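The values are calculated or read from the model by the stated rules, or taken from the named source; none is laboratory data. As the structure is a prediction and not an experimental result, all values here were calculated from the model. In this analysis, Cβ positions are derived from the backbone assuming ideal geometry, glycine residues included, and neighbour counts consider all displayed protein chains.
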Amino acid sequence: MKVEILAIGNEILRGYTINTNAAYLAQKVAELGLHCHTQTVVGDGLAEISGAIQTALARSDILFLTGGLGPTQDDCTLQGLALAINKPLKTNTTALRWIKERYAEAHRECPDTAWVQADLPEGAEPLANRLGSACGVWLQEKTCTVIALPGVPYEMQCIFDEEVHPRLAQIKTDLVYAATLLRCVGIVELAIEAHIKTLNLPEFIEVGLYPQLGAVDIRLSTRASTQTDALKALAPFTQQLQKMLEKKCYATEPLELSEIIGNLLVAKKEKLALAESCTGGLIAKHITDSPGSSAYFLGGVVAYDNAIKENVLGVPAALLEKHGAVSAEVAQAMAEGVLKKFGADHAISITGIAGPSGGTDEKPLGLVYIGYANRHKSFSEKFELFGDRERIRVRAMRKALNLLYLQLLA
């Protein structure tokens, strides 16, 4: 079954809005054993929408349309669909009733302009949208099933999960899709690829590397008659690769490194404190993104000014004067100071030059020192990172979390 996704909207075409709907739909249909072979984006023009739909109908078994189902003038997806299949728009009484109900639930008066959302191509079936007024549309057109969904991501996902997925799940496919995930930090793509080459993967297994700032996801995927068989085929290669990567692979499910750190701290019944300078609280933000982080995170200090490093964290003035704020000695002292101040079991500190100014020949842009302390030892490590200010800060944050992760494993 060939699936095509057509996203509609000037805001997507011009890059103002990221097309997360296509990513969501592609993942979901793959899980159902369906093959997404094409993704397209067009603007809000009626002619271009109609033309793109006609092209898709000729080459696809299932066509998803996202966006342009609302009540404003630029919402003309259903008009474009009707034009493409040469059928009129007709008011659907069920869709009309749903629109009235949504406005009543929101305690809002329904304007006359909202009724246009109930005008569906002849033969189309409305799909309930309990989160908004624009219903989805299911239309069987000759050899292609057309599924139109709102552009608002949470509405689109709701309709897909509740209305579309159960129907698509009834489609019998020869092969179903399965994938395994390895989440890595502290290793670059080329190093991972070198490991993968030694596996001699068979042709029926696909491998994808998905780099982020300071991290890489690896996905092995294949198709088989059942998902169990597909996962069984992937298992030995996934396990071999995980063994090769050792501690650089921190998870085999979609978890953030900060979540893994939280789980380790909970298991050890230990507490964490942070002292941040160049990251400005970014590490604390990632730690506290996890629900229940108050069980293991005591707090942190964002110490930008040297006076704060000295007076709050207890970094000796002589150390700051001799080595400078961005130094191995100060990073270590910051970790020791915040450990003591908060009475923590583990502490991480970070100081560096994120830019765009402040770098020198001796201490260039991207120079970062990360400190660690527990009740028995303390040390710091030097990193030379690259990129603009934001990228340096994110890479530094991930380096700090990885350092902490490795210490917790030790």
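Results, tabulated for the structure shown:
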{"read-out": "In the stretch 315-342, residue surrounded by the most Cβ atoms within 10 Å (Cβ to Cβ) [restricted to those that are under 16 Å from residue 376 (Cα atoms) and in contact with a helix residue (DSSP H, G or I) (Cβ under 9 Å, 6 or more places away or on another chain)]", "value": "334"}
{"read-out": "Members of the stretch 354-390 that are part of a strand (DSSP E or B) and farther than 27 Å from residue 408 by Cα", "value": "none"}
{"read-out": "Output for the stretch 305-352, where each listed residue is closer than 18 Å to residue 368 by Cβ and among the β-branched types (Val, Ile, Thr)", "value": "315, 326, 330, 338, 348, 350, 351"}
{"read-out": "Test: residue in the stretch 314-322 that is modelled with pLDDT of 95 or more, in contact with a strand residue (DSSP E or B) (Cβ under 7 Å, 6 or more places away or on another chain) and either closer than 25 Å to residue 386 by Cα or in the same structural domain as residue 381 (by TED's automatic domain parsing) (or both)", "value": "no"}
{"read-out": "Among (1) in a helix (DSSP H, G or I); (2) closer than 19 Å to residue 241 by Cβ - the single one residue 187 does not satisfy", "value": "(1)"}
{"read-out": "Filter result for the condition that a residue is in contact with a strand residue (DSSP E or B) (Cβ under 6 Å, 6 or more places away or on another chain) and either within 21 Å of residue 173 (Cβ to Cβ) or among the β-branched types (Val, Ile, Thr) (or both), over 226, 198, 222, 238", "value": "238"}
{"read-out": "So residue 256, is it without any contact (Cβ under 8 Å) to a residue 40 or more places away in the chain and under 22 Å from residue 185 (Cβ atoms)", "value": "yes"}
{"read-out": "Only listed residue being outside any strand (DSSP E or B) and among the hydrophobic types (A, V, I, L, M, F, W, C), chosen from 7, 30", "value": "30"}
{"read-out": "Only one of 79, 27 that is out of contact with any Leu (no Cβ under 7 Å at 6 or more places or on another chain), surrounded by fewer than 20 Cβ atoms within 10 Å (Cβ to Cβ) and not charged (D, E, K, R)", "value": "27"}
{"read-out": "Sole exception among (1) surrounded by 23 or more Cβ atoms within 10 Å (Cβ to Cβ); (2) hydrophobic (A, V, I, L, M, F, W, C); (3) closer than 18 Å to residue 3 by Cβ; (4) out of contact with any Gly (no Cβ under 7 Å at 6 or more places or on another chain) for residue 58, by number", "value": "(1)"}
{"read-out": "Complete set of residues in the stretch 145-183 that are in a strand (DSSP E or B), farther than 18 Å from residue 81 by Cβ and modelled with pLDDT of 95 or more", "value": "180, 181, 182, 183"}
{"read-out": "Among the candidates 279, 351, residue that is assigned to a strand (DSSP E or B), β-branched (Val, Ile, Thr) and within 20 Å of residue 391 (Cα to Cα)", "value": "351"}
{"read-out": "Index of the failed condition, residue 354 passing every other in (1) free of Cβ contacts under 8 Å to residues at least 12 places away in the same chain; (2) farther than 23 Å from residue 261 by Cα", "value": "(1)"}
{"read-out": "Where residue 270 falls short, out of the listed (1) of a type outside the set (Val, Ile, Thr); (2) loosely packed, with under 14 Cβ neighbours inside 10 Å; (3) under 25 Å from residue 336 (Cβ atoms)", "value": "(2)"}
{"read-out": "Strands (runs of 3 or more DSSP E) (entirely within the stretch 45-144) containing at least 1 residues that are under 30 Å from the mean Cα position of the chain (by Cα) and of a type in the set (Val, Ile, Thr)", "value": "62-66, 136-141"}
{"read-out": "The stretch 208-227: number of residues that are touching a residue at least 60 places away in the same chain (Cβ under 8 Å) and in contact with a Leu (Cβ under 6 Å, 6 or more places away or on another chain)", "value": "1"}
{"read-out": "Cβ pairs under 9 Å, 6+ apart, first in the stretch 357-380 and closer than 22 Å to residue 342 by Cβ and modelled with pLDDT of 95 or more, second basic (Lys, Arg) and surrounded by fewer than 18 Cβ atoms within 10 Å (Cβ to Cβ)", "value": "369/382; 370/382; 373/340"}
{"read-out": "Test result for residue 263, within 22 Å of the chain's Cα centre (by Cα) and surrounded by fewer than 22 Cβ atoms within 10 Å (Cβ to Cβ)", "value": "yes"}
{"read-out": "The stretch 6-24 - residue that is surrounded by 15 or more Cβ atoms within 10 Å (Cβ to Cβ) and not aliphatic (A, V, I, L, M) and, of those, nearest to the chain's Cα centre (by Cα)", "value": "24"}
{"read-out": "Pick from the stretch 283-296, criterion more than 15 Å from residue 397 (Cβ to Cβ) and of a type outside the set (Gly, Ala, Ser), ranking: surrounded by the most Cβ atoms within 10 Å (Cβ to Cβ)", "value": "296"}
{"read-out": "Candidates 349, 293, filtered to the one that is touching a residue at least 40 places away in the same chain (Cβ under 8 Å), assigned by TED's automatic domain parsing to the domain that holds residue 374 and closer than 26 Å to residue 265 by Cβ", "value": "349"}
